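Below: the structure, in structure tokens.
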Amino acid sequence: MESHYPFALPPLPYPYDTLEPEIDAKALCFHHDKHFAAYVDNLNKLLKPYPAYHGWSLEQLCQNWVDLPDEIRLGVRNNAGGVFNHDLYFRMLRALPPSSPQPPLDGAIRRTFGSVDDLKTALKNAALSVFGSGWACLCTDRHGNLSIQKVANQDTVLPLIPLLCCDVWEHAYYLQYQNRRADYFDAWWRLIDWPQVSERYAGLLQSRPPIP
Ligand code: MN3
């Protein structure tokens, strides 16, 4: 992602049919090219008349929207969050075959949840219990402590760092799975790019500030 305004839609990092049959090309195309694109466009439109905020990073906009003028505050909260969440969502998926977490993430998952299957159960419970639209995320803090968080709408888990986020807005699955959110979750789980999630975790650990 660009670090500040004007934001651009990141291209889908794989062809539209890569994730079939778990997520079909039509559903993926709508989700990326229409929904994700709309968050990017709306965010730019909101910020355009406010050059004072053109230097703000996406993370700053997501976390400090309360400091924005009244008339764009809610819009920026929703659309900056939508950009942030979707950017990670699409980047952390890949074509089958299924992969598995790598060190040091695998050890952190065992210590925190018991096993990868236990993590799946916990994350699935979170995804299924989001009321209405939102996200279920595997997160880490700056010290590498893992947790599962749910957020509503397009809020983000910041200042926690999301490693992986499951979009449970109906637009993410209704075209293909209708009301079957659990089936969509299972399909999404098979598409997780664990090597990339693991690399993200390892990278965050390496750049963490020293514990005072
Ligand atoms: Mn979505």
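Looking only at residues of the stretch 162-190 that are away from the ligand (no atom under 15 Å from the Cβ) and surrounded by fewer than 16 Cβ atoms within 10 Å (Cβ to Cβ), we find that the one that is nearest to Val130 (Cα to Cα) is Ala182.
Taking the listed residues Asn85, Asn78, the one that is of a type in the set (S, T, N, Q), in a helix (DSSP H, G or I), within 16 Å of the ligand (Cβ to nearest atom) and surrounded by 19 or more Cβ atoms within 10 Å (Cβ to Cβ) is Asn85, with no other qualifying. Quick check on Phe131: is it away from the ligand (no atom under 16 Å from the Cβ) and more than 20 Å from Pro98 (Cβ to Cβ)? Here the answer is yes, as Phe131 does meet what is asked. Among the residues that make up the stretch 66-75, is at least one of them of a type outside the set (Gly, Ala, Ser), buried (at least 16 other Cβ atoms within 10 Å of the Cβ) and not assigned by TED's automatic domain parsing to the domain that holds Trp169? The answer is yes; a qualifying residue exists.
Here Asp141, Asp106 are screened, and the one residue that is more than 16 Å from the ligand (Cβ to nearest atom) and either without any contact (Cβ under 8 Å) to a residue 60 or more places away in the chain or of a type in the set (Val, Ile, Thr) (or both) is Asp141.
Condition first: within 11 Å of the ligand (Cβ to nearest atom) and of a type in the set (D, E, K, R). Now tell me which residues in the stretch 16-38 satisfy that. The one that is within 11 Å of the ligand (Cβ to nearest atom) and of a type in the set (D, E, K, R): Lys34.
The values are calculated or read from the model by the stated rules, or taken from the named source; none is laboratory data. Keep in mind it's a predicted model, so treat the numbers as computed, not measured. Don't worry about glycine lacking a Cβ; one is built from the backbone with ideal geometry, like all the others, and counts go over all protein chains shown.
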